[in-house]
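To keep things clear, I will list the structure first and then write my remarks on it.
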Amino acid sequence: MPSLSRRHLMLAATGIVAASATSRLVFAQGTMAPTGPFKLDPLAYPINSLEPHIDAKTMEIHHDRHHQAFITNLNNFAKDNPQIAEKPVPEVLANLNSVPEAIRTGVRNSMGGHANHTMFWQIMGPNGGKPEGDVLAAIDRDLGGMEKLQTDFNAAGGRVFGSGWVFVTVGKDGKLAIETRPGQDNPMIDGKRALIGNDVWEHAYYLNYQNRRADYLKAWWNTVNWKAVSERYAAAKTGALGV
Ligand SMILES: [Fe+2]
């Protein structure tokens, strides 16, 4: 998104992104250098900047290893099936039946994971502000306001059995709804879009919260970047929202 790019450039100018990208490159070279069409974007903010709500070590492992693993898997699939990289991610996920059966489940999991995590990094950040404007009006209209959204979203996230995600989905008409998905499924599989989503896999919170998922769900709201969410909401209504 344009503003994220701008923020990224601003951070890069200060050396913050450059330094973190370098450490990631060292990791990548030492293990599984990405060679294919899928790439892991660096975070647009310092890796420790979501503390104390999400600790730097969790962020590092989550972004550099878990998300990277999805990228590596996708690049391996793309070696023999380059068509999965030739269409936009939402199009591939919305048409999984077109993906060869032998790799369909793998693409569903890894591309879903790539999409989910790309969105996740994008909607978080330090000093995220408050919801306002159109997106706040939609939250009031469709989800009963911020307090009810947080209560219902956290409850839904708490009910996810095992690993999965809790989302607020957005339609082209701007209508919002809370949904959960197992594994790395993304609402795009059903042709929908995620406005926001929280990762309730244990890897997202276990170092800091252990089994206390409810505490993580509650604290996570402090990391939401409402400017990015507003931009996603505007893009969703014009059909321009990517992942
Ligand atoms: Fe995750």
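Let me know the Kirkwood hydrodynamic radius for the stretch 142-212, please, with Cα pairs as the basis and the value in Å to one decimal. Working shown, then result.
Numbers: mean 1/r = 0.0789 Å⁻¹.
After inverting the mean inverse Cα-Cα distance, the result is 12.7 Å.
Largest first and to the nearest Å, give the Cα extent of the stretch 47-141 along each principal axis.
The Cα atoms of the stretch 47-141 stretch 44, 37, 18 Å along their principal axes.
With each pseudo-label sitting 7 Å past Cα toward Cβ, what's the H53-T238 distance in nm, one decimal?
Distance between label points: 2.7 nm.
As a quick test, which of the pairs K87/K192; K192/K218; K130/K175; K57/K192; K175/K218 have an alpha carbon distance above 22 angstrom in this structure? Please list the in-between numbers first.
On the way: K87/K192 17 Å; K192/K218 25 Å; K130/K175 20 Å; K57/K192 32 Å; K175/K218 24 Å.
Listed pairs above 22 Å: K192/K218; K57/K192; K175/K218.
Tell me, what HN-Hα J-couplings in whole Hz come from the Karplus equation 6.51 cos²θ - 1.76 cosθ + 1.60 at θ = phi - 60° for each residue of the stretch 41-51, using x for Gly and Pro?
6, x, 5, 8, 8, x, 5, 9, 7, 9, 5
From the gyration tensor of the Cα coordinates in the stretch 56-200, what semi-axes in whole Å does the equivalent ellipsoid have, largest first, with each one equal to sqrt(5λ)?
Working: eigenvalues 161, 63, 38 Å².
Equivalent ellipsoid of the stretch 56-200: 28, 18, 14 Å, largest first.
Long-range amide H contacts for R193: which residues qualify at under 5 Å (H placed 1.01 Å from N, peptide plane, sequence gap of 5 or more or a different chain)?
V170
Starting from the Cα of D80, step 7 Å toward the Cβ, then list every residue of the stretch 86-101 with an amide N under 14 Å from that point.
Hits in the stretch 86-101 for D80 at 14 Å: 100-101.
Would you work out the relative contact order for the chain, in percent, from Cα pairs under 8 angstrom that are 6 or more residues apart? List each step's numbers first, then the result.
Values: 341 pairs, mean separation 53.1, N = 243.
Rounded, it is 22 percent for the chain.
Can you order the peptides 138-147, 104-113 by their average number of other Cβ atoms within 10 Å per residue, highest first?
Working: 138-147: 14.8, 104-113: 19.4.
So the order, starting with the most tightly packed, is 104-113, 138-147.
Which value in deg cm²/dmol, rounded to the nearest 500, describes the helix-derived mean residue ellipticity at 222 nm for the chain, given -39,500 (n - 2.57) per DSSP H run of n ≥ 4 and division by the residue count?
Details: 11 runs with 124 residues, N = 243.
My calculation for the chain gives -15500 deg cm²/dmol from helical runs alone.
Using only C-alpha positions, report the orientation-averaged shadow area of the convex hull of the chain, nm², one decimal.
Values: hull surface 50.5 nm².
Mean projected area of the Cα convex hull: 12.6 nm².
5 Å is the cut-off here: which amide hydrogens, built 1.01 Å from N in the peptide plane, fall below it relative to L241, excluding neighbours closer than 5 in sequence?
Distant-sequence amide H within range of L241: A236.
Can you list residues whose amide H is under 5 Å from T180's amide H, if they're 5+ apart or on another chain and H is modeled 1.01 Å from N?
Here the answer is F167, since their amide H atoms fall under 5 Å of that of T180.
Apply the Karplus parameterisation 6.51 cos²θ - 1.76 cosθ + 1.60, with θ equal to phi minus 60°, to every residue of the stretch 110-126 and state each ³J(HN,Hα) to the nearest whole Hz, in sequence, with x for glycine and proline.
Calculated HN-Hα couplings, in order: 6, 6, x, x, 5, 5, 4, 6, 4, 4, 4, 5, 5, 8, 10, x, x Hz.
Extension gain T35-T151, at 0.36 nm per residue separation less the Cα-Cα distance, in nm? Walk me through the numbers on the way to the answer.
Details: separation 116, 0.36 × 116 = 41.76 nm, distance 4.26 nm.
Computed gain between T35 and T151 is 37.5 nm.
Each value in this text was obtained by applying a stated rule to the coordinates, not by laboratory testing. Being a predicted model, the structure only gives us computed values, none of them experimental. Cβ coordinates were reconstructed from backbone atoms using ideal geometry, including for glycine residues, and neighbour counts include every protein chain displayed.
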